[in-house]
Number of protein chains: 2
Amino acid sequence: MSGKKLKAVEHPPVSARRQHKADAKAAATHPPSRQRPLTRIQKEKQDIILEAALDVFSMHGFRGSTIDQIAEVAGMSKPNLLYYFPRKEEIHRRLIAALLDTWLAPLRDFDENGDPFTEIRSYIRRKLEMARDFPRESRLFANEMLQGAPRITEMIEIDLKALVDEKAKILLTWMDQGRLARTDPYHLIFSIWATTQHYADFDVQVRAVLGKGRNGEGRFEDAARYLEQLFMHGLSPKPRVNGSA
Amino acid sequence: MSGKKLKAVEHPPVSARRQHKADAKAAATHPPSRQRPLTRIQKEKQDIILEAALDVFSMHGFRGSTIDQIAEVAGMSKPNLLYYFPRKEEIHRRLIAALLDTWLAPLRDFDENGDPFTEIRSYIRRKLEMARDFPRESRLFANEMLQGAPRITEMIEIDLKALVDEKAKILLTWMDQGRLARTDPYHLIFSIWATTQHYADFDVQVRAVLGKGRNGEGRFEDAARYLEQLFMHGLSPKPRVNGSA
DNA sequence: GGAAATTTTGACCAGTTGGAAAAATGTTAG
DNA sequence: CTAACATTTTTCCAACTGGTCAAAATTTCC
């Protein structure tokens, strides 16, 4: 329901402060990390752990989550879990790395040769699908943002920024060609992120407000319809529309 | 740059489960809680603590925050802090209660006798101002939502829902009168929440993407302009606009 | 000034948390 | 079967956590 292997992007020189004694002997018998090709069984266990960790981290954030909790959800003992991931941070890093990749995929697919409205519409749709199908990933990301993104600043300041810059340029071109209302392309992108991820991150609120009646999967359909209308109307290249007050 | 006292709204009958032993003697010498009119000095100290707690809770969530952290930010010892607030949960509850009240004020002011676009525009503006002036409150709220709103379910399921229902009805009336594009009023409200709070909750991301150049307070001006355009255009009562793909 | 009340501090505690060590239990290839 | 390896469990620990308590320092009020 959520797995999907994503290539992990290492942050080479992070080097956090060490306060615990453990440091030297890393190639001991315990972790199966050293060079080995990583058997299929190991991969499976790691996936189980990552699954469980996603559950926990996405709800409580990094500091609010405990290894014990994750181990319990994963159905194994804490030391056993630590056999696969030498430390808590490592699990979290793996999740974040995997997340960033999938999370940006829809934006990467934004095609400058396509029709502006088709592109925007399908971008919205894909982001909304992700909010529906991977809410935990969305919340993990949101948690990270709320905490000031301590572990991924470089990622968002470099990779993400570059990607958005690129797509903003495309939007600007479309605006110049009169195929799209002239506005700030960055805030346009922000607004798509915000409106779609809202359905994952604030799910409880959305459900509560919509009431027991209307909160099956249908709410995503409604959201899609509404957002489509809002953005299609809102961004159509027309001078002015309403001028009251 | 952020202070501004907010009137606190008490939740009378929350009654959470007790698991710690402390329970009986509450009128002991320690806490200045019993009946006393609460001196001005006490209020000041409590405010200092709440300020500090807002800093910490809004970044790390409830579980991820420690009393020691809060005490340090507040510039006092942990036992001293605990003298004013007998337990961690109490501080958090106070913050949340205060928050909810201010947070919903703009929506309460939504006036059915006003002009639809004027009302929506000023609602957006006010929400954006709150995201700018009270980002920590916004993040505290977001953190609570991400965790499934365990401490405020009743609040959002009852009070919030009722308020939104009421305002949705107003929006529907306007739509019936042809003064507003016909759409789902609930999702319309969600989209305003999402787009405005985004600037508080995902502040790091917004700053990073906009780059060092354009991230002074100006970004809120730009956001306001963009959102105004999006919503004013997007919700104007016109049949169809673009029909490609 | 001094007794009473308030506020602050220092020492302490039981439970939790991240993690280490090593022994115990599989598993597998020769 | 058994040596080499992989996995799991048991035991343990030091630091941190929320919170208590009594004594000390300070303020308040007569």
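The values are calculated or read from the model by the stated rules, or taken from the named source; none is laboratory data. Please read these numbers as outputs of a predicted model, since none were measured by experiment. In this analysis, Cβ positions are derived from the backbone assuming ideal geometry, glycine residues included, and neighbour counts consider all displayed protein chains. Surface accessibility is based on the protein's heavy atoms, side chains included, excluding ligands, DNA and RNA. Shrake-Rupley method; radii C 1.70, N 1.55, O 1.52, S 1.80 Å.
For the reader, a short list of remarks on this structure follows.
- A:ARG121 surrounded by 16 or more Cβ atoms within 10 Å (Cβ to Cβ), of a type outside the set (Gly, Ala, Ser), assigned to a helix (DSSP H, G or I) and touching a Ser or Thr at 6+ places or on another chain (Cβ under 7 Å): no
- Hits in segment A:60-83 (condition: near DNA strand D (Cβ under 9 Å from one of its atoms), more than 24 Å from the chain's Cα centre (by Cα) and assigned to a helix (DSSP H, G or I)): A:LYS78, A:PRO79, A:ASN80, A:LEU81, A:LEU82, A:TYR83
- Single match in A:GLY234, A:GLY211, A:GLY243 (criterion: at pLDDT below 95, surrounded by 22 or more Cβ atoms within 10 Å (Cβ to Cβ) and either more than 23 Å from the chain's Cα centre (by Cα) or facing chain B (nearest Cβ under 8 Å) (or both)): A:GLY234
- Residues in segment B:124-141 that are more than 10 Å from chain A (Cβ to nearest Cβ) and among the basic types (Lys, Arg) were compared, and the one that is least open to solvent (accessible area, probe 1.4 Å) is B:LYS127.
- Checking B:GLU144 against (1) over 15 Å from the mean Cα position of the chain (by Cα); (2) crowded, with 22+ Cβ neighbours inside 10 Å; (3) within 26 Å of A:ASP203 (Cβ to Cβ), the condition it does not meet: (1)
- The condition of being β-branched (Val, Ile, Thr), part of a helix (DSSP H, G or I) and modelled with pLDDT of 95 or more holds for only one of A:ILE189, A:ILE156, that being A:ILE189.
- Some residue of segment A:216-226 being aromatic (Phe, Trp, Tyr) and either open to solvent by less than 10 Å² (accessible area, probe 1.4 Å) or in a helix (DSSP H, G or I) (or both): yes
- When A:GLN205 is tested against (1) in contact (Cβ under 8 Å) with a residue 12 or more places away in the chain; (2) buried (at least 21 other Cβ atoms within 10 Å of the Cβ); (3) in contact with a Leu (Cβ under 9 Å, 6 or more places away or on another chain); (4) assigned to a helix (DSSP H, G or I), just one condition goes unmet, and that condition is (1).
- Close contacts from segment B:25-52, counting a first residue that is near DNA strand C (Cβ under 9 Å from one of its atoms) and a second that is at pLDDT 85 or above, with Cβ to Cβ under 6 Å and a gap of 6+ residues or different chains, come to B:PRO31/B:PRO86; B:LYS45/B:TYR84.
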